[in-house]
Amino acid sequence: MQKIIFLDIDGVLATPDYLKDGCWALNPEKQKLLGEILSWTEAKIVLSSSWRKHTLEDTKAYMNEVGFLFTDEIIGVTIRAYHYIEKGIHLSIPRGVEIKQWIDTNIHSNNGKDWDRKKLIVDYNYLILDDDNDMLLEHKDNFIWTDGIIGLTSGDVVKAIAILNNV
C-alpha cells in the first residue's frame with residue numbers, strides 16, 4: 001500500500017519559536033517527529049505548503065537548501081490553485097481542493113489512459129498535516145490539524161501513524 005503525507009511546513013515543521021534571519025525556519029525537533037512518522041509508516045511526502053515551488057525538482061532543491069531532512073521522500077507537489085479575477089484581486093482555492101486534484105491526477109489515473117475515477121490504480125492511504133483547516137469534508141478522517149504556534153507534537157505523531165497504518 002502506498003502511503004502519502006500531504007505536508008504543510010509553516011505551523012507544522014516551522015514554528016515561531018525557531019527563527020533564522022528573523023523568519024520561521026525548520027525546527028529540528030519537529031523534523032525529528034516527522035521522521036518518526038516516516039519510519040513507522042514508510043510514507044512518501046507530497047508538499048502542499050507555500051514552501052513548494054512550481055516543479056518537483058525545484059522544490060527538492062529548495063528544501064535541500066533550507067535543511068529539510070527528508071527531501072528524498074518527496075514524490076510530488078500540489079498545484080497552486082488560485083485564480084486572478086482582475087489585476088490585484090485573486091480568488092483563493094482551499095488547500096483541500098489542491099490535494100484532491102493531486103490524488104485524482106496521480107492516483108486515480110492510469111497515466112492518462114483509460115481514466116476511471118471509480119477504479120483506483122493503486123491501493124493507497126493518505127494523511128494531511130496542516131495548521132489551516134481549509135480541507136474538504138472527504139478529508140476529515142485523514143486530516144490532523146496542528147496548532148500553528150506549537151507545530152507537530154508527539155500526540156500528532158501517534159495519530160498520524162494510526163491513520164496511515166489503518167490502526
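Relative to a virtual label point 7 Å from the Cα of ASN125 in the Cα→beta-carbon direction, which members of region 20-43 show backbone nitrogen distances below 20 Å?
In region 20-43, the label zone of ASN125 (backbone N under 20 Å from the point 7 Å along Cα→Cβ) covers 33-43.
Work out the charge dipole of region 1-90 with +1 on the Cβ of Lys and Arg and -1 on the Cβ of Asp and Glu about the Cα centre, then indicate which of MET63, ALA81, PRO16 is farthest towards its positive end.
Checked the options; the winner is ALA81.
Find how much the distance from GLU29 to ILE107 grows on full extension, using 0.36 nm per residue of separation minus their present alpha carbon separation; answer in nm with one decimal.
Stretched out fully, the GLU29 to ILE107 stretch lengthens by 24.9 nm.
If you stretched the chain out fully between TRP145 and SER50, how much longer would it get, using 0.36 nm times the residue separation minus the C-alpha to C-alpha distance? The partial results should precede the final answer.
Values: separation 95, 0.36 × 95 = 34.20 nm, distance 1.65 nm.
Fully extending the segment from TRP145 to SER50 adds 32.6 nm.
Could you compute the net charge surrounding ILE93? Neighbours are other residues with a C-beta less than 10 Å from the C-beta of ILE93; K and R count +1, D and E count -1.
Details: positive: ARG80, ARG95; negative: GLU98, ASP134.
Within the 10 Å Cβ shell, the charges total 0.
Just for the chain, what percent of DSSP beta bridges are antiparallel, to the closest 5? Intermediate values should be presented prior to the final figure.
Working: 7 of 24 bridges.
Roughly 30 percent of the DSSP beta bridges within the chain come out antiparallel.
Given a Förster radius of 35 Å and the C-beta distance between GLU65 and VAL167 as r, what FRET efficiency does 1/(1 + (r/R0)^6) yield to the nearest 0.05? Before the final figure, lay out the partial values.
Numbers: r = 36 Å, r/R0 = 1.02.
So the FRET efficiency works out to roughly 0.45.
How would you order 3-15, 52-64 from highest to lowest mean count of nearby Cβ atoms within 10 Å? All intermediate terms of the calculation are to be shown ahead of the outcome.
Numbers: 3-15: 23.8, 52-64: 15.1.
Listed from highest to lowest mean packing, they are 3-15, 52-64.
Give, as a single signed number, the net charge of other residues whose beta carbon lies under 14 Å from the beta carbon of VAL66, with Lys and Arg counted +1 and Asp and Glu -1. List each step's numbers first, then the result.
On the way: positive: LYS20, LYS30, ARG52, LYS53, LYS60; negative: ASP10, ASP21, ASP58, GLU65.
Within the 14 Å Cβ shell, the charges total +1.
Report, in deg cm²/dmol and to the nearest 500, the calculated mean residue ellipticity at 222 nm for the chain, where each DSSP H run with n ≥ 4 adds -39500 (n - 2.57) and the sum is divided by the residue count.
Numbers: 4 runs with 47 residues, N = 167.
Per the formula, -8500 deg cm²/dmol.
Mind scanning LYS32/LYS87; LYS3/LYS87; LYS20/LYS100; LYS53/LYS87 and naming the pairs with a C-alpha gap bigger than 31 Å?
Details: LYS32/LYS87 42 Å; LYS3/LYS87 40 Å; LYS20/LYS100 33 Å; LYS53/LYS87 23 Å.
Listed pairs above 31 Å: LYS32/LYS87; LYS3/LYS87; LYS20/LYS100.
Determine ³J(HN,Hα), in whole Hz, for all residues of region 39-54 in sequence, where each value follows from phi through the Karplus function 6.51 cos²θ - 1.76 cosθ + 1.60 and θ = phi - 60°; x replaces Gly and Pro.
Along region 39-54, the couplings run 5, 7, 10, 6, 6, 10, 10, 10, 7, 10, 7, 5, 6, 5, 9, 6 Hz.
First compute the accessible area of the chain with a 1.4 Å probe, then give the percent of it belonging to carbon and sulfur atoms.
Details: 4940 of 9460 Å².
Carbon and sulfur atoms account for 52 percent of the accessible area of the chain.
Where the only charges are on Cβ atoms (+1 Lys, Arg; -1 Asp, Glu), what is the dipole of the chain about its Cα centre, to the nearest 20 debye?
On the way: 18 positive and 26 negative charges, 89 e Å.
With only Lys, Arg, Asp and Glu charged at Cβ, the dipole is about 420 debye.
Keeping all protein chains in place, calculate the accessible area per residue for region 1-69 (probe 1.4 angstrom), answer in Å². Before the final figure, lay out the partial values.
Details: 3410 Å² over 69 residues.
Here the residues of region 1-69 average 49 Å² of exposed surface.
If you take every residue apart from LEU34 with its C-beta less than 12 Å away from the C-beta of LEU34, what net charge results, scoring Lys and Arg +1 and Asp and Glu -1?
On the way: positive: LYS30, LYS32; negative: ASP8, GLU29, GLU36, GLU73, ASP156.
Within the 12 Å Cβ shell, the charges total -3.
The values are calculated or read from the model by the stated rules, or taken from the named source; none is laboratory data. These figures come from a predicted structure and were not determined experimentally. All Cβ positions, even for glycine, are placed from backbone atoms using ideal geometry, and neighbour counts span all protein chains on display. In case anyone asks, the SASA skips ligands and DNA or RNA and just uses the protein heavy atoms, side chains included. Shrake-Rupley method; radii C 1.70, N 1.55, O 1.52, S 1.80 Å.
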